[in-house]
Amino acid sequence: MSVFFQLIGIADGALGLYGYYTGNMTFLVAGLVVAFLFCKMNQISVVEHMLTRIIILPFLSLPGMLICHFAVKMTWGMGFLLCFNWVLAITAVIFLFVVIKERREMAGGK
């Protein structure tokens, strides 16, 4: 089931990026929210995971937001949403590989 949630997170990260590049704010916000809620690691509880995401992901998005603002002259909010969406999509892909690795280890494979 966790592999399915990771795939949903990747798809919604892609939906958010599609929404940004086409100018559809509904897709952007929906992709961000669903990717934020569905991608999670198995070793920690949901509360710990959400608190960590609320605290750490904005700081990971900050350098990209600054680059978007100063290099591309993008507004602060749009730069932050774009970078936050990219960070969510990348973490969803990383979590997918971690979940697959955990599944293999539980099944006794290497």
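The values are calculated or read from the model by the stated rules, or taken from the named source; none is laboratory data. Everything numeric in this text was worked out from a predicted model, so none of it was measured. Accessible surface is based on the protein model in full, side chains and every heavy atom, while ligands, DNA and RNA are left aside. Shrake-Rupley method; radii C 1.70, N 1.55, O 1.52, S 1.80 Å.
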**Message:** I'd like the projected area of the chain, averaged over all directions, using the convex hull of its alpha carbons. Report it in nm² with one decimal.
**Reply:** 7.4
**Asked** Gain in length, Val72 to Thr22, computed as 0.36 nm per residue apart minus the alpha-carbon separation, to one decimal in nm?
**Response** 16.3 nm
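Got the relative contact order for the chain handy, in percent, Cα pairs under 8 Å and 6 or more residues apart?
On the way: 118 pairs, mean separation 37.5, N = 110.
Relative contact order of the chain: 34 percent.
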**Item:** Carbon + sulfur, % of accessible area of the chain - ligands and nucleic acids excluded, 1.4 Å
**Value:** 78
**Item:** Using alpha-carbon coordinates, inclination of helix 46-72 to the longest axis of the chain, degrees
**Value:** 40
**Fill in**
Nearest 10, in degrees from 0 to 90: the angle of helix 25-38 to the longest Cα principal axis of the chain is 30
**Message:** Rounding to the nearest 10 and keeping the result within 0 to 90°, find how far the Cα-based axis of helix 76-107 lies from the longest principal axis of the chain.
**Reply:** 10
